1. Looking at region 122-133, I want the residues that are farther than 14 Å from Phe183 by Cα and have a partner that is basic (Lys, Arg) and not in a helix (DSSP H, G or I) with Cβ atoms under 9 Å, at least 6 apart or on another chain. Which pairs are those?
2. Looking only at region 52-63, filter to residues that are touching a residue at least 40 places away in the same chain (Cβ under 8 Å), open to solvent by 30 Å² or more (accessible area, probe 1.4 Å) and not in a loop (DSSP other than H, G, I, E, B); which one of those is farthest from Leu39 (Cα to Cα)?
3. Taking interchain pairs and intrachain pairs at least six residues apart, which have beta carbon atoms under 6 angstrom, with the first residue in region 95-112 and at positive phi and polar (S, T, N, Q) and the second assigned to a strand (DSSP E or B) and open to solvent by less than 30 Å² (accessible area, probe 1.4 Å)?
4. Output yes when any residue across region 128-148 is within 25 Å of Lys213 (Cα to Cα) and surrounded by fewer than 18 Cβ atoms within 10 Å (Cβ to Cβ), and no when none is.
5. Could you please find all residues in region 176-214 being assigned to a loop (DSSP other than H, G, I, E, B), of a type in the set (D, E, K, R) and open to solvent by 40 Å² or more (accessible area, probe 1.4 Å)?
6. Is there a residue in region 1-22 that is open to solvent by 50 Å² or more (accessible area, probe 1.4 Å), within 30 Å of Gly235 (Cβ to Cβ) and of a type in the set (D, E, K, R)?
7. Please list, ordered by first then second residue, the pairs with beta carbon atoms under 7 Å, 6 or more apart or interchain, first in region 184-201 and within 17 Å of Leu160 (Cα to Cα), second assigned to a loop (DSSP other than H, G, I, E, B) and at pLDDT 90 or above.
8. Go through region 69-126 and give me each residue that's assigned to a loop (DSSP other than H, G, I, E, B), within 30 Å of Met222 (Cα to Cα) and either open to solvent by 50 Å² or more (accessible area, probe 1.4 Å) or of a type in the set (Phe, Trp, Tyr) (or both).
Amino acid sequence: MKQWQDILIQPDLPLEEAISVLDKGGLRIALIVSDTGKLLGTLTDGDIRRALLRHVKLDAQVREVMCASPHVAEIGWSKDKILSVMEDLEILQIPLIDSDSRVVGLETLHGLMERRTVENPVFLMAGGFGTRLKPLTNECPKPLLKVGDKPILELILESLAKAGFYRFFISTHYLPDMIQDHFGDGSQWGVNIEYVHEEEPLGTGGALGLLPKDQIDRPLIMMNGDLLTTVNYRGLLDFHLEHNSVATMCVREYEHRVPYGVVQTDGTYIQSMEEKPVQKCFINAGIYVVSPELVHAVNTGERIDMPSLLEQQIDLERKVAMFPVHEYWLDIGKMDDFKRAQKEIDLL
């Protein structure tokens, strides 16, 4: 493995020796640091080439040809933020520094792209009848209804694939052949898809019992197949692991305006009155992270919805966390939602 510590050099090092460090390091960059490890500059293949074109002598000191104001990333940045910055700047490497500008690491575009693959499995629920969207669903399963020019489920799969997920399971019940014919084995999207079929509806929790238990080896993202969202799936996974929960439910803040004056009382006496108050609560957003332990606990053929399954875990005093979704989110449950999705497709 290439170590960033091997490419740290002093500013007074002769250029010839710096070229040797650069070549041996294999990272196409050297980091120039002070005696205390503070970053002073960088030296890349391009800097070397430009120096040679200017006929700079090989015994010149590195400080004469280095980039003295390189782009850097701070140690607290997420991998996605670092990758975004590198892509915007079109650079291949970026040093990591701490609050004192000391070098603590090096990120490369190649390394970040490799790490974008996420091993956690994804379970998409696509077996519903879509009764409230009839007649559109008379001959088409709801997940295959198109928003813009793509089916809802395809938009979901693409967003997850873009985030690095590639291990997919899809549950089917209503018109299953149409879903399997459209997605196949997933190779068109660079992912792998396996299907589990519910002969009879088992509920969202019960469908977990159909999954091949030996393949669920890490927390599973589970999601209804009629949702459009830009939620940060990687952030969701990190949150779940950080809170050491048996499951995490995504929630969405919901506001409801009571159309009447609300009276607060103490027995027969009025304490206060509020005209048409707005009440806020969290609602289930239809996205979960489920631990392998919980997946394995659901028996094949067991009928249970996810809220009931999670309530069981709470009763057993196991931790069930909630992850507030502030990003775009739309549950396509009825015709008005479907029409709204057509207007908001550009938000995805």
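1. Val122/Arg167; Arg132/Lys334; Leu133/Lys334
2. Among residues in region 52-63 that are touching a residue at least 40 places away in the same chain (Cβ under 8 Å), open to solvent by 30 Å² or more (accessible area, probe 1.4 Å) and not in a loop (DSSP other than H, G, I, E, B), the one farthest from Leu39 (Cα to Cα) is Gln61.
3. Listed by first residue and then by second, the contacts come to Ser101/Leu39.
4. no
5. Asp185, Glu199, Glu200
6. There is at least one residue in region 1-22 that is open to solvent by 50 Å² or more (accessible area, probe 1.4 Å), within 30 Å of Gly235 (Cβ to Cβ) and of a type in the set (D, E, K, R).
7. If the second residue must be assigned to a loop (DSSP other than H, G, I, E, B) and at pLDDT 90 or above, the pairs left are Gly190/Tyr166; Val191/Tyr166; Asn192/Tyr166; Asn192/Asp185; Asn192/Gly186; Ile193/Asp185; Ile193/Gly186.
8. Gly76, Trp77, Ser78, Arg116, Thr117, Glu119
The values are calculated or read from the model by the stated rules, or taken from the named source; none is laboratory data. Owing to the predicted nature of the structure, the values given are computational and were not obtained by experimental measurement. Virtual Cβ from ideal backbone geometry, glycine too; neighbours counted across all protein chains shown. Each accessible area value is taken on the protein alone, full model and side chains, heavy atoms only, with ligands, DNA and RNA left out. Shrake-Rupley method; radii C 1.70, N 1.55, O 1.52, S 1.80 Å.
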